[in-house]
Amino acid sequence: MSFSPLKVLKRDIPWETYMTTKLISGTGLQLLRRYDNRAESVRAQLLDDDGPAYVQVFVNILRDIFKEETVEYVLALIDEMLTANPKRARLFHDKSLANEDTYEPFLIACFASIFDIMLKICTYAKGCDLSSKVLVTMWSADMKCFFVKFENVHPCTLDFLSCTKLTELKLSKIWSTFRLLWKGNWFIQEKSCKILALIVSARPKTQDGVVANGENSKKKGTTINDVLKELVEWLCTQLKKPSHPTCGIPTAINCLASLLKEPVVRSSFVQADGVKLLIPLITPASTQQSIQLLYETCLCVWLLSYYEPAIEYLATSRALPRLVDVVRSSTKEKVVRVVVLTFRNLLSKGTFGAQMVDLGLPQIVQSLKAQAWSDEDLLEALNHLEDGLKDNIKKLSSFDKYKQEVLLGHLDWSPMHKDPLFWRDNVSCFEENDFQCFGLLLCLITLRRKVLPGLDNMQLPDDCLPIENIQVENRVVLRVLITIMETSSDPRALAVACFDLSQFIQHHPAGRVIVNDLKAKERVMKLMNHDSAEVTKNALLCIQRLFLGAKYASFLQA
């Protein structure tokens, strides 16, 4: 059953009864009477005056009292306290709480395994330090008793564990706790997770790193590595199979958005294969709730963009196209900002820059810059991203790169093909006289083809240079383009080759004459009957430009 915090906080908790049974102290009762059912301003003043004392009372209740309604109530109090002022999470790390393990109650409430639960119950009830290995745990069908077998356990613990010596009250209490923690209570899980994430994030830093709560305590506490490991495991579980149909994933993402600032959390999250769980959540949103989930998901990706192993995974996933779709359609400034900042981080990594250009991000950035944004960081990031993308376009649009792509037969819709500036600036390169490199590559294509896997099955046309003739003409690149059209079986390569010929015709003053001299018209016309619509479209464009020439080519833009 799910409750709202306001409904939970309307409960009347019998604090006096708990003091009578010594589950809370007299001092704890006095503090609770001052704090409970008071106005928010009064509670705020009490926390400012004596915050650590109230934190200690709350933690003691969560550790010592198992009644579900009371646990929910105290978690709601803590959640309310931290929501009003997240900086109050620092109270859990006050020096006066050095001997308190302020992590453990939240871990038990949310993540404890069956074995851990039973050990903690036994430890609490008997005051023993049970560190021995659990061999077998089972419980009877009627749920009235349980049996646990330990190895090398102190006799007093075995005495406690003997079911014949447990009263019905103890059995009822133990099973009630076991049922609550094992099966889980979503309200308790959600609040425990959120509170724990805030407490972990607020822990004090030192020059040498992080001081985990409880590490300097007299008794052994829960280490920060234990806490983070349990948190990451539970959060990944929620992303895979949420405990709550509508709140499970948003809660997990919300906590990750806080925790992924921690390097150790990034490492654990990647090792748990958690990055792939974020990708499906990167999708354009419309409702306020879905926009918040999208924002926090993109925030997680941005935080992961500072971690190399996560970047390697993002490079092989659908993350970048999804992020581009989001920034293209989103009007929410905070969403646009975090995605643009992610692009800025990834721009110089691997092939991300080239992918961004292929996905049309330069045009999107131009459109975004024309809009009125109030965030100066966003405007700065857009300018930085625009400059970086221009540099990538220059690198990707060099004629040397184009020449290599053609000669290897690896034609694809890389940015240079549809970039008018590339054709205007480089069309004369097709007529350069110094083609020694081209001649060598063409000879390799003709003679061996071993170093050119993209052209393995190609047969050069009769008008291509024979191997004996080392002297090379100035139309080698065009010849290879035409060869690709005649011999390639890849529809994408055929479409790009047709398009490139049409661009050459349009931008070169003698383009029609040169292409006709190379006997390309017949080969292109054959492709107009190709099964691929992409091929026929670009073959038609090429033929139109062959017949009409550059004068009318501007009317035939694809």
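The values are calculated or read from the model by the stated rules, or taken from the named source; none is laboratory data. Note that this is a predicted model, so its numbers are computed, not measured. Cβ coordinates were reconstructed from backbone atoms using ideal geometry, including for glycine residues, and neighbour counts include every protein chain displayed. Side chains included, ligands, DNA and RNA excluded: accessible areas come from the protein's heavy atoms. Shrake-Rupley method; radii C 1.70, N 1.55, O 1.52, S 1.80 Å.
Taking K and R as +1 and D and E as -1, what net charge do the other residues with C-beta under 13 Å from the C-beta of C247 add up to?
+1
Just to confirm, what accessible area per residue do you get for region 277-431 at 1.4 Å probe, in whole Å²?
Per residue, region 277-431 has 46 Å² of solvent-accessible surface.
Which sequence of W302, W15 reflects their accessible areas, 1.4 Å probe, from the largest down?
Ranked from most to least accessible, the order is W302, W15.
To the nearest 10 square angstrom, how much accessible area does R38 have with a 1.4 angstrom probe?
120
Can you put R34, R492 in order of accessible area, largest first, using a 1.4 Å probe?
Accessible-area ranking of R34, R492, largest first: R34, R492.
Ignoring everything but the protein chains, give the 1.4 Å probe accessible area of K394 in square angstrom, nearest 10.
Approximately 150 Å² for this residue.
Using the C-alpha atoms of region 235-393, what convex hull volume per residue, in cubic angstrom, is computed?
Roughly 101 Å³ of hull volume per residue.
Which percent of the accessible heavy-atom area of region 323-384 goes to carbon and sulfur, probe 1.4 angstrom?
46
Which of the residue pairs K87/K191; K334/K418; K334/K394; K261/K334; K349/K390; K194/K241 have a Cα-Cα distance greater than 21 Å in the structure shown?
K334/K418; K334/K394
Per residue, how much accessible area does region 15-117 have with a 1.4 Å probe, in Å²?
46
What accessible surface, in Å², does a 1.4 Å probe find on E262, ignoring ligands, DNA and RNA and rounding to the nearest 10?
20
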